[in-house]
1. Relative to 2.2 N^0.38 Å, what does the C-alpha radius of gyration of the chain come to as a ratio? Two decimals please.
2. If we count every other residue with Cβ under 13 angstrom of residue 9's Cβ, Lys/Arg +1 and Asp/Glu -1, where does the sum land?
3. I need the helices of the chain that pass two filters: whole DSSP H segments spanning 24 Å or more by Cα along the axis, and mean Kyte-Doolittle score no lower than -1.0.
4. Based on the Kirkwood radius over alpha-carbon pairs, what is the Stokes-Einstein translational diffusion coefficient of the stretch 52-135 at 25 °C with 0.890 mPa s viscosity, in µm²/s?
5. Once the dipole of the chain is set up with Lys and Arg at +1 and Asp and Glu at -1 on Cβ about the Cα centre, which of 144, 36, 264 lies farthest towards its positive end?
6. Find, among the GluC sites (Glu not before Pro) in the stretch 212-265, those assigned to loop by DSSP (not H, G, I, E, B) with at most 12 other beta-carbon atoms within 10 angstrom.
7. Taking loop as defined by DSSP and a crowding limit of 14 other beta carbons within 10 Å, which trypsin sites (Lys or Arg not before Pro) in the stretch 158-214 fit?
8. If packing is taken as the mean number of other Cβ atoms within 10 Å per residue, what is the order of 311-323, 35-47, highest first?
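No lab work stands behind these numbers, since they all come straight from the coordinates. Note that the coordinates shown come from a computational prediction; the quantities given were computed from them, not determined experimentally. Quick reminder, even Gly has a Cβ in these numbers, built from the backbone with ideal geometry, and neighbours come from all protein chains shown.
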Amino acid sequence: MLPATLTPRALGRALLARQLLTERARMTALDAVEHLVGLQAQAPRPPYFGLWSRLADFRAEELSALLLDRSAVRVSVMRGTVHLLSARDCVQLAPLTRPLYERAVRSRWRAELAGTDPQEIADAGLPLVRESPRPAAELGTLLQERWPGRDPRMLSQVVRHLAPVVQIPPRGVWGRAGAPVYAAAETWLGRPMAKEPCVETVLLRYLRAFGPASVMDAQQWSGLTRLGEVMERLRPQLRVFTDGSGRELFDVPEAPRPDPELPVPPRFVAEYDNLVLAHADRTRLIDERDRAHLASRNGQVPGTVLLDGAVCGTWQTGESRGAATLTVTPFRWLSDAEERELAEEGERLLAFATGSPGSSGSTGAPGTSGTGVTRTVSFTAPPRT
């Protein structure tokens, strides 16, 4: 029997259900972080917005507490990017994704490292961050004493690429500022890195959170290569579908695959959210013509707006002199009803963004926050195509 074919809309509904975006879930922040296999976190605030859009009554202080008590941590893993992970996932995913960083070091600093073993630099840097957490600049300066003439920024980055290190608070804590400070992962977390992380387990978790998906999708999400071999080992326990191009899509049997016509509420998806980054083929969520609106030269990924389960625009917030604004830039002209729906959800987002650290954004009179900040949601004209 030939595998069933799934339309982009069916794939989109499956993805949104697994991403907790068809309705807000009632689970702890830690459970959500683990279910999602982490949240991309180059900037400190996006993981908070990512959980706010997915969890009922989410409060920022819940996630901050996880960072402060070391149940969660900021660390570079999939795709060579910073993610917010549970401590349990950190010790598995950091060793598993290390080959990405080994390749990056070899390609980026080949000339600068000529005659020097980058692993030797990493091995020299690890005791320094075990001794005391250090900012990147301080770490580079100390390493330069051993490698005079080398760029201290490069030396620091080699350690951060090849040694098991994590970013520690106050970086990532809601309402607090601070440049990244690095500590040895095993010292900070009080547990060792996995010596033989299981790629099969991670791939199954990816499918539960992002499937159905192709091998190329899984490789796009993780940055790892040769996952076709892993998928073949898993094939007997998976369901297999195809997309409109005949490409094989793999899935765990028990994962939700809702009706393609399932109603989906409007959502504001965080900057850098894996929802829009975790597939090679993203037509399940966004029209290929609209992907150009998300591209930027410096690698930034804007917050995105979902209507009827599809990306239809971008959003950004701003605060100045007691006023908070949410600006929505749609990719197409919106109906009055669509603008009203987005404005209502936008009010709730601004209430969360401008509230106290513990605010869920679920209360407060329209247009004002508990801190007396005026809130405004505005819409710009669609960009020219």
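1. On the way: Rg = 21.7 Å, N = 385, 2.2 N^0.38 = 21.1 Å.
Output field value: 1.03.
2. On the way: positive: 13, 257, 284; negative: 243, 259, 261, 287, 308.
In short, -2.
3. Values: long enough: 336-354 (26 Å, -0.69).
Membrane-span-like by this rule: 336-354.
4. Working: Rh = 15.3 Å.
For these conditions, the coefficient is 160 µm²/s.
5. 144
6. Values: sites: 229, 232, 248, 254, 261; in loops: 254, 261.
Counting only loop positions with at most 12 other Cβ atoms within 10 Å, the GluC sites (Glu not before Pro) in the stretch 212-265 are 254, 261.
7. Numbers: sites: 160, 171, 176, 195, 205, 208; in loops: 171, 176, 195.
Of the trypsin sites (Lys or Arg not before Pro), the ones in loops of the stretch 158-214 whose Cβ has at most 14 other Cβ atoms within 10 Å are 176, 195.
8. Values: 311-323: 15.8, 35-47: 22.0.
Most protected by this proxy first, the peptides run 35-47, 311-323.
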